[in-house]
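> Pasting in a structure now, in structure tokens, and then I'll have a few things to ask.
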Amino acid sequence: MSSAQPQKLYIGGEWVEPAGGHYEVVNPADESVVGLAPEASRGQVEDAARAAAAAFASWSRTKPEERAAILDRAADIIQREYEPWSALAQAETGAPTGIARGMQVGVGVTRFRRYARGALEPVERGLPPQVTEAGPMGAASVLGALELRQPVGVVTCITSYNNPWANPAGKVAPALAMGNTVVVKPAPQDPLSVFRMADALHEAGVPAGVVNVVSGTSVEVGEAAVDSPDVDMVSFTGSTGVGQSIAEVCGRTMKRQLMELGGKGAAIVLADADLDAAVMGIGTTFSFYSGQICTAPTRVIVHRSVYEQLVEKLTGYLAFMKVGDPTVRGTVVGPVISAAHRDRVEAYIELGKKEGARIAFGGERPVVGEGASAGKGFYVAPTLLVDCTNDMRVVREEIFGPVVVVVPFDGAAGDDDAAVALANDSDFGLLNYVWSGDAARAFRVARRLRAGGVGVNTIGRNMEAPFGGFKRSGVGRDVGSYALHAYSEIQSIVWTG
């Protein structure tokens with residue numbers, strides 16, 4: 001599909017022509033032009049932050065019921081436009097149809113609904129009274145205390161390219177529910193979907209300046225969204241390297257941060273595991289967003305007694321994964337986001353071979369399409385690298401593509417120390433996994449892992465459980481009510497009576 005009109009910026013409740021013109025958004029499946037995205041200037045980003053700051057005082061005092069109603073109406077509008085907006089998301093990201101519909105736009109609707117309810121959650125908590133004796137500070141008294149959650153202020157939301165609906169909705173909706181105003185800077189590869197989210201909020205009646213969306217390929221667009229003096233908090237999803245740079249800027253003026261960064265999910269497969277279940281879970285790395293997902297179980301740590309079996313089963317599983325046009329029924333693995341990222345992933349595969357890993361499956365660029373379209377698109381074959389060791393770069397670094405590495409470990413029956421040590425020997429700690437036939441044993445292993453979340457015999461997530469990372473995988477927690485906490489400051493009010 002192609003967007004008919006060049007997209008404008010959304011600043012202060014108005015659609016604004018971009019100072020830097022437009023750039024092409026490319027469909028990663030066939031390299032066609034999806035639409036023209038706006039290139040904001042630094043000044044326009046600063047205008048957006050000023051508009052958000054000006055709107056904050058009134059929006060933060062808006063009744064929670066009114067904020068909830070706007071978020072609910074936005075969800076209704078997204079649901080109404082489900083079909084065309086799913087097609088747009090698919091065109092921008094190259095996601096297979098089920099992913100674009102259910103896990104992109106569908107999750108966007110769900111998150112707006114969730115935080116419409118979240119706007120009504122209590123923000124006050126009474127604390128036990130404290131009796132103080134007479135002394136230098138005054139007469140004896142009984143002091144009451146109240147814990148109160150207050151909005152942070154202006155929040156810059158910098159979103160990832162792998163999901164232009166779920167990721168921004170997971171930032172914007174809870175931030176608005178808590179009474180914050182936002183400046184959204186979408187990923188340059190697929191910003192058009194985020195402007196459709198702005199359409200929904202605009203139609204839903206969000207006041208001018210409460211939501212602003214600015215985009216661009218220039219580094220200065222992101223820099224201005226972070227270093228503007230009107231911005232009080234930055235919520236970022238993306239690579240650890242970029243997150244570190246943002247954190248350094250935020251540190252200069254003590255801006256609040258929420259950072260969801262890289263991952264290299266360890267999937268521990270113990271000797272007593274259900275190997276078929278483990279393979280199904282690990283296989284999601286290839287099928288979800290073509291491996292462009294930080295929570296994927298990309299680093300398999302398997303007991304040597306079942307190592308060959310697991311490799312054989314994973315290889316067999318991969319043989320049935322159809323790579324191709326994401327709009328075609330039956331496609332499981334679509335393209336990665338860009339030619340540059342395809343080249344990066346392929347370079348890691350070559351590096352793995354040089355490091356001594358063996359390619360059990362994949363490793364060659366697939367040719368998709370027929371005739372004149374043959375070879376178009378940014379496809380990477382699902383690739384399984386085996387016989388790996390923990391010192392290899394392909395094991396230690398985030399590849400962010402459809403590549404899984406397998407590392408064997410040794411240990412006597414019931415001795416999980418080696419597996420835990422290998423899993424924890426990582427710069428990352430976002431989401432890890434444990435497969436075992438003994439649930440109690442799996443839980444004991446899970447508690448020893450240095451990760452923000454652990455899946456026990458599942459890759460599923462409870463969407464009310466806190467989400468975030470240890471180590472270089474991030475700072476802070478969101479999802480469920482934890483997202484409301486993330487976009488708020490705690491204030492104490494104390495009185496005597």
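The values are calculated or read from the model by the stated rules, or taken from the named source; none is laboratory data. Computed from a predicted structure; not experimentally measured. Positions of Cβ are backbone-derived with ideal geometry, glycine not excepted, and every protein chain shown enters the neighbour counts. Surface areas here come from the heavy atoms of the whole protein model, side chains and all, with no ligands, DNA or RNA. Shrake-Rupley method; radii C 1.70, N 1.55, O 1.52, S 1.80 Å.
> Can you give me the distance in nm between label points at residue 343 and residue 245, each placed 7 Å from the Cα along the Cα-to-Cβ direction?
1.8 nm
> Note the per residue figure in Å³ for the convex hull of the C-alpha positions in region 280-374.
Measuring per residue, one finds 123 Å³ for the Cα hull of region 280-374.
> To continue, here is another question. What would the Debye formula give as log10 I(q)/I(0) at q = 0.14 Å⁻¹ for the alpha-carbon point model of the chain, no solvent?
Computed log10 I(q)/I(0) values: -1.35.
> If you split all Cα-Cα distances of region 125-192 into 10 Å bins from zero, what percentages do you get per bin, shortest first?
Reading the bins upward from 0: 18, 27, 17, 14, 14, 9, 2.
> Just name one of 278, 352, 222: the one whose Cα is farthest towards the positive end of the charge dipole of the chain (beta-carbon charges, Lys/Arg +1, Asp/Glu -1).
Looking along the dipole axis, the top candidate is 278.
> Subtracting the Cα-Cα distance from 0.36 nm times the residue separation, let me have the gained length for residue 8 to residue 54 in nm, one decimal.
Stretched fully, the residue 8-residue 54 segment lengthens by 14.4 nm.
> If every alpha-carbon in region 344-403 counts as one equal scatterer, what log10 I(q)/I(0) does Debye give at q = 0.15 1/Å?
-0.46
> Further question on the same structure: Let's see if you can work this out: charge +1 on each Lys and Arg Cβ, -1 on each Asp and Glu Cβ, no other charges. What is the dipole magnitude of region 75-204 about its Cα centre, in debye to the nearest 20?
Computed charge dipole of region 75-204: roughly 160 debye.
> Next question. For region 111-160, taking Cα atoms only, what is the radius of gyration to one decimal and the Dmax to the nearest whole Å?
Rg, Dmax (Cα atoms, Å): 19.0, 56.
> Still on this structure, I have one more. Run the quick spin-label model on residue 427 and residue 19: label points 7 Å from Cα toward the beta carbon, then report their separation in nm to one decimal.
For residue 427 paired with residue 19, the spin-label model returns 3.5 nm.
> Over all directions, what mean area does the Cα convex hull of region 264-308 project, stated in square nanometres?
It is 3.0 nm².
> Separate question: I'd like the GluC sites (Glu not before Pro) in region 81-143 restricted to DSSP loop residues with at most 11 other Cβ atoms within 10 Å, sorted by number.
133
> Here is a further query. Whenever you get a sec, compute what percent of the accessible area on region 317-397 sits on carbon and sulfur atoms (1.4 Å probe).
Solvent-exposed carbon and sulfur of region 317-397 make up 52 percent of the total.
> Would you give the gap between the C-alpha center of region 47-89 and the C-alpha center of region 305-364, rounded to a whole Å?
39 Å
> Take 415, 410 and sort them by solvent-accessible surface of the protein heavy atoms, 1.4 Å probe, largest at the top.
410, 415
> R0 = 25 Å: FRET efficiency of residue 354 with residue 328, Cβ-based, nearest 0.05?
The value I calculate is 0.10.
> With a 1.4 Å probe and every protein chain left in place, tell me how much accessible area residue 318 has, in Å² to the nearest 10.
0 Å²
> Hey, another quick one. I'd like the accessible area for residue 82: 1.4 Å probe, protein heavy atoms, all chains in place, Å² to the nearest 10.
Answer for residue 82: close to 40 Å² accessible.
> Report the Cα-based extents of region 179-229 along its three principal axes, largest first, to the nearest Å.
32, 27, 13
> Looking at region 13-100 from every direction and averaging, what is the projected area of its Cα convex hull in nm²?
Hull-based average projected area comes out at 7.7 nm².
> I need the calculated FRET efficiency for the pair residue 413 and residue 482, taking r as the beta carbon distance and R₀ as 45 Å, to the nearest 0.05.
FRET efficiency, residue 413 to residue 482: 0.75.
> Can you tell me which lysines have their Cα less than 27 Å from the Cα of residue 8? Leave out same-chain residues fewer than eight positions away.
Cα-Cα hits under 27 Å: 171, 185.
> Would you work out which of 85, 150, 383 lies farthest towards the positive end of the dipole of the chain? Charges go on Cβ: Lys and Arg +1, Asp and Glu -1.
150
> Residue separation times 0.36 nm, minus the C-alpha to C-alpha distance between residue 393 and residue 443: what's the value?
Computed gain between residue 393 and residue 443 is 15.1 nm.
> Under a Cβ-only charge scheme (Lys and Arg +1, Asp and Glu -1), can you give me the dipole magnitude of the chain about the Cα centre, in debye to the nearest 20?
The dipole magnitude comes to about 580 debye.
> Residue 351: accessible area at probe 1.4 Å, nearest 10 Å²?
Its accessible surface works out to 40 Å², give or take rounding.
> Which one, 293, 439, 310, is farthest towards the positive end of the dipole of the chain when Lys and Arg carry +1 and Asp and Glu -1 on their Cβ?
Checking the options against the dipole of the chain, the answer is 439.
> Let me ask you something else. Pop the C-beta distance of residue 305 and residue 462 into the FRET formula with R0 = 30 Å and round what comes out to the nearest 0.05.
With a Förster radius of 30 Å, E is 0.40.
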